[in-house]
Structures are given as structure tokens and as C-alpha cells.
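Reading through the C-alpha cells given below for one structure.
The values are calculated or read from the model by the stated rules, or taken from the named source; none is laboratory data. Since this is a predicted model, take the numbers as computed values, not measurements. Every residue, glycine as well, gets a Cβ built from its backbone with ideal geometry; the counts of neighbours run over all protein chains shown.
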Amino acid sequence: MPLVHEFDWPDRVVVGTVGRPGERTFYLQVRAGQRSTSIALEKEQSAALAEKVDELLGELVSDARTGISVPSETPAELVDDDPLDQPVEEQFRTGTMRLGWDPRTSQVVIEAFPLQLPDDDDEVLDVADVDDADEPSEMLVVRIPVGTARAFVERTRKVVAAGRPRCPLCGGPVDADGHVCATPDV
């Protein structure tokens, strides 16, 4: 039986980073009262999660049968531009995530599972590749209302975009130390 870090109607759920652009570690951080959990994500996982939550909200808007009122923009009272709560203590590095909708509570459900490494460390496995006997040791389950989900999408997209600027010629990242442009000869 895995250790489940479960948050229903949390006070805060955000993606944020630690480190300078080019060396950032992304975290999904959830807090309810004094209890907090932070899990590490890849930048691409953060972007994909925001995209999928936005798609789910779009499906809810377009399906009149749900009866759910989804805000088209982030409600002002839900905007959260504050840094991650400190100290950031990584619970686990995320491997697989699942996204769902709970119609009973009208909440978006985010589930995250730790990255599973095989004994020989030659190959990385996602939770989906592991049979029931090897269930993950822990997981994160977060349930959030649609307004909070809209705020989560907006913030996550800002955080992902706040990395190193892109070179206008080659599209590669420009470091603070400089940049060697890899544009092909014309």
C-alpha cells in the first residue's frame, strides 16, 4: 500500500522553480494548512500538465451536460505569483502523472507517481510499466476546483516561459554567460 499525499481543496497548488534559468528544478507544491508536499518535475512535464489541465477545462466548458461554470480567465483572487514555500523538500521525482475529473465534487484531479528505477539502473520505468506487485511506494493526489485549476494553468505557463531567453537567430537558449549561435551558413 503506497504512502498517499492527498490534498482535497488545498490552500495552494503551484508549479515553481528553484535555481537560476538553465539550472532550474521544477516543483509541483501543494499546501493545506501547515502540511505541504513538493515533488520534482521536468520542465516538459510542467508544461504538459498545464496544457492537459487547460484542455480538460475546455472540454468542461464545451459540454453543457456538466453544468459546470468554468472561468475563461483566472479569477483575480486566485492569482498566485509568490515564490514556492520554503524550505522546498523534494518528496519524490515525478515519473508518471494522471489527470481526471471528479463529477461528484466538481474538481480536477491530479495524480503523480514517483519515477521508478529498475534494480540494474540500466533503464527508467514509468509506473504504467510496473505490474501490480511493484506498486509505487508513494503518490500525490490533488483535487482542485475549476477556478484554482485555471490559476494553476496560468501560473505554470508563466513559470515555464520564464526560463532563459531564446536566440532570435537559432532559437537556442541564451545563457547569462553568453551564447554561441548555431545558425547555419546561408
If you scan region 81-99, which residues turn out to be more than 14 Å from the chain's Cα centre (by Cα) and more than 9 Å from residue 38 (Cα to Cα)? 81, 82, 83, 85, 86, 87
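If I go through region 1-30 residue by residue, how many of them are within 19 Å of residue 96 (Cα to Cα) and within 17 Å of the chain's Cα centre (by Cα)? Steps first, answer last, please.
So the first thing to find is which residues in region 1-30 are within 19 Å of residue 96 (Cα to Cα), and the list is 1-7, 13-16, 25-30.
Then drop every residue that is not within 17 Å of the chain's Cα centre (by Cα), which leaves 5-7, 13-16, 25-30.
Going through region 1-30 one residue at a time, the tally reaches 13.
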For residues that are closer than 30 Å to residue 118 by Cα and of a type in the set (Gly, Ala, Ser), scanning just region 131-186, find the one that is modelled with the highest pLDDT. 137
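Does region 137-147 hold any residues that are touching a Leu at 6+ places or on another chain (Cβ under 9 Å) and either surrounded by 17 or more Cβ atoms within 10 Å (Cβ to Cβ) or part of a helix (DSSP H, G or I) (or both), and which are they? Explain how you work it out, then say what you get.
Start the filter on region 137-147 by keeping residues that are touching a Leu at 6+ places or on another chain (Cβ under 9 Å), which leaves 137-140, 142, 146-147.
Once the filter is applied, which keeps residues that are touching a Leu at 6+ places or on another chain (Cβ under 9 Å) and either surrounded by 17 or more Cβ atoms within 10 Å (Cβ to Cβ) or part of a helix (DSSP H, G or I) (or both), region 137-147 yields 139, 140, 142, 146, 147.
Just a yes or no: is a residue in region 13-30 touching a residue at least 12 places away in the same chain (Cβ under 8 Å) and of a type in the set (D, E, K, R)?
Going through region 13-30, the residues touching a residue at least 12 places away in the same chain (Cβ under 8 Å) turn out to be 13-18, 20-22, 24-30.
With of a type in the set (D, E, K, R) added as a condition, the list becomes 20, 24.
Yes, region 13-30 contains at least one residue that is touching a residue at least 12 places away in the same chain (Cβ under 8 Å) and of a type in the set (D, E, K, R).
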Inside region 63-109, can you point out the residues that are basic (Lys, Arg) and free of Cβ contacts under 8 Å to residues at least 40 places away in the same chain? 65, 98, 104
Of all residues in region 148-175, how many are assigned to a loop (DSSP other than H, G, I, E, B), free of Cβ contacts under 8 Å to residues at least 40 places away in the same chain, out of contact with any Ser or Thr (no Cβ under 6 Å at 6 or more places or on another chain) and surrounded by fewer than 16 Cβ atoms within 10 Å (Cβ to Cβ)? 5
Please report, ordered by residue number, the strands (runs of 3 or more DSSP E) entirely within region 1-111 with at least 3 residues that are surrounded by 15 or more Cβ atoms within 10 Å (Cβ to Cβ) and modelled with pLDDT under 95. none
Members of region 31-47 that are of a type in the set (A, V, I, L, M) and touching a residue at least 40 places away in the same chain (Cβ under 8 Å): 39, 40, 41, 47
